[in-house]
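The values are calculated or read from the model by the stated rules, or taken from the named source; none is laboratory data. Bear in mind that the values here come from a model prediction, so they are computed numbers and not experimental data. In this analysis, Cβ positions are derived from the backbone assuming ideal geometry, glycine residues included, and neighbour counts consider all displayed protein chains. Please note that ligands, DNA and RNA were not included when accessible areas were found on the heavy atoms of the full protein model with its side chains. Shrake-Rupley method; radii C 1.70, N 1.55, O 1.52, S 1.80 Å.
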Amino acid sequence: MRRTLFLILITALMNCGLNANMLTQNIVVERSGHEGFMNYPHNNQRVTIQRNTDFQTTLKILEGLSLQNERRNIINISSFNGGIPVQINDLFWKDALELLIVQLGLVLEERPGVYLISDVVIEEEEEDEFDVDDRMIRITATFFYADRNFMNGMGIDWRTLVDGEVAAEIDFHSAGDVPGVLQVTGARQLTNGSTIFNLEALFRFMETHQKGEMLARPQIIVLNSRPGNIQIGQDFSVRMADDAGNTINEFFSTGIILDVTPTIITADGIEVVHIQASVEKSDAVPGAVTTIINKNSTQTDVLLFCGEETVIGGLFDIEYVTFVTTVPILGRIPLLGRWLFSSRSTREVQREMIVILKAEILAPARDRLHERERLRERFERMRQDFDDTKYEVFGAERL
């Protein structure tokens with residue numbers, strides 16, 4: 001009798017415990033060798049989570065499993081804090097996490113040591129608004145390499161402006177012996193004893209005597225307050241690994257790079273151009289482990305009126321030049337001439353890159369169209385006047 005009462009009591013307690021568990025327990029974590037919804041060789045934990053379970057509580061459970069299996073925390077920076085909208089039945093913890101992310105419309109990022117949950121960022125595409133009355137600016141750039149030792153010896157100052165154009169001022173008192181050719185290249189004498197030279201003439205002289213090199217003279221037209229870019233060089237790629245361990249190619253730009261943003265400013269009926277410019281000279285040097293980028297750069301903000309120029313300097317580099325000297329006739333003897341009657345020497349040449357920028361304000365498209373129509377009308381009137389004159393002179397009849 002006692003044994004029967006004991007079994008009845010045990011059965012009743014078990015039923016009560018089972019009912020309490022069914023009422024209060026909504027998260028079940030099981031360990032199993034089941035292969036699951038997806039194949040995770042090292043993840044053998046699955047979960048059952050009831051609908052409307054608190055999202056933060058669910059993430060705490062999943063974070064514990066994530067730390068056990070992948071040693072990653074789960075960080076939630078999204079704005080969702082309610083209950084989960086879906087029933088999860090016997091899913092591996094990572095499948096359950098991904099299911100929740102899809103159902104809630106969130107973003108899951110796998111980063112080193114962490115799963116990051118965030119809201120979906122909707123980027124609003126800004127439509128470029130253009131108008132036929134938009135002003136444009138023509139930017140003309142001159143890139144010139146000059147021998148620094150030659151410039152220092154001549155006392156050249158690039159900062160001189162003559163009628164809005166950059167000119168070179170040379171102090172002959174400190175220059176010593178000056179080549180005679182330089183004295184006849186369109187110079188203008190100043191009261192302080194210095195001489196102003198037109199840059200075109202000076203650049204031609206320096207190139208002729210191997211004291212400089214004209215690199216390029218690019219020209220771009222940009223809309224008012226819009227950025228413009230000039231690159232004289234090449235892009236190269238470096239293989240890198242992203243956060244997921246995938247190999248990607250990241251590209252870098254090298255060479256001579258000019259970024260410029262001109263803005264037209266009007267005050268008291270006077271128009272000037274505010275120029276934000278940055279100049280970079282860089283080159284890539286492959287190394288044993290990685291690629292090294294040697295870079296020189298400078299930035300400037302200037303105000304120029306239409307047609308005015310400004311100069312940017314101070315970008316230096318070193319070039320090694322090899323000179324070969326031979327004895328006439330004897331130096332041409334095979335084998336012996338090269339070793340006995342010729343010599344080689346290497347000289348270090350310090351160069352400075354001179355950048356000259358010129359800004360010109362252009363008429364908007366509407367004004368150019370009207371000007372084109374006026375020219376067409378003028379041409380038609382001129383042709384009509386010519387025909388009338390021809391008829392009057394020759395007495396021709398109109399057809």
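On full extension, the segment bounded by Asn81 and Asp268 gains 61.5 nm, given 0.36 nm per residue less the C-alpha separation. For Thr266, the accessible surface of its heavy atoms amounts to roughly 90 Å² (probe 1.4 Å, protein chains only, rounded to the nearest 10). Taking amide H atoms as placed 1.01 Å from N in the peptide plane, the amide H of Thr53 lies under 5 Å from those of Ile84, each 5 or more residues away in sequence or on another chain.
Once the convex hull of the C-alpha atoms of the range 237-388 is built, how many Å³ does it hold per residue, rounded to a whole number?
Numbers: hull volume 56.6 nm³, N = 152.
Given the Cα convex hull of the range 237-388, per-residue volume reads 372 Å³.
Computed 3J(HN,Hα) for the range 296-311, one whole-Hz value per residue from the Karplus formula 6.51 cos²θ - 1.76 cosθ + 1.60 where θ = phi - 60°, is 10, 8, 8, 10, 8, 10, 9, 10, 10, 7, 4, x, 7, 10, 9, 10, glycine and proline marked x.
In straight-distance terms, cross-link reach from Lys60 covers every one of the lysines whose alpha-carbon lies under 18 Å from its own, apart from those fewer than eight places away in the same chain; here that gives Lys94. Candidate cross-link partners of Lys281 among the lysines, defined by an alpha-carbon separation under 18 Å and a same-chain spacing of 8 or more, comprise Lys295.
Annotation: Ser78 carries an accessible surface of approximately 20 Å², with a 1.4 Å probe and no ligand, DNA or RNA atoms counted. Amide hydrogen proximity for Gly307: with H placed 1.01 Å from N in the peptide plane, the residues at 5 or more positions away or on another chain lying under 5 Å are Ala359, Glu360, Ile361. Using a simple spin-label model with pseudo-atoms 7 Å out from Cα toward Cβ, Glu207 and Leu223 lie 3.6 nm apart.
Quick check: residue separation of Glu109 and Ile318 times 0.36 nm, minus the Cα distance between them. What number comes out in nm? Intermediate results must be reported in sequence, preceding the final value.
On the way: separation 209, 0.36 × 209 = 75.24 nm, distance 4.68 nm.
Here the segment from Glu109 to Ile318 would lengthen by 70.6 nm.
Taking other residues whose beta carbon is less than 10 angstrom from the beta carbon of Ser225, and scoring Lys, Arg as +1 and Asp, Glu as -1, yields +1. What is the sum of charges, Lys and Arg at +1 and Asp and Glu at -1, for the other residues whose Cβ falls under 9 Å from the Cβ of Val273? Here the count lands on -3. Shape of the range 289-345 from its Cα gyration tensor (a ≥ b ≥ c, root eigenvalues): rounded if a/c is under 1.5, otherwise prolate when a/b > b/c, or oblate? Since a/c reaches 1.5 but b/c is at least a/b, the shape of the range 289-345 is classed as oblate. Three principal axis extents of the range 210-265 based on alpha-carbon atoms, in descending order, are 48, 41, 13 Å.
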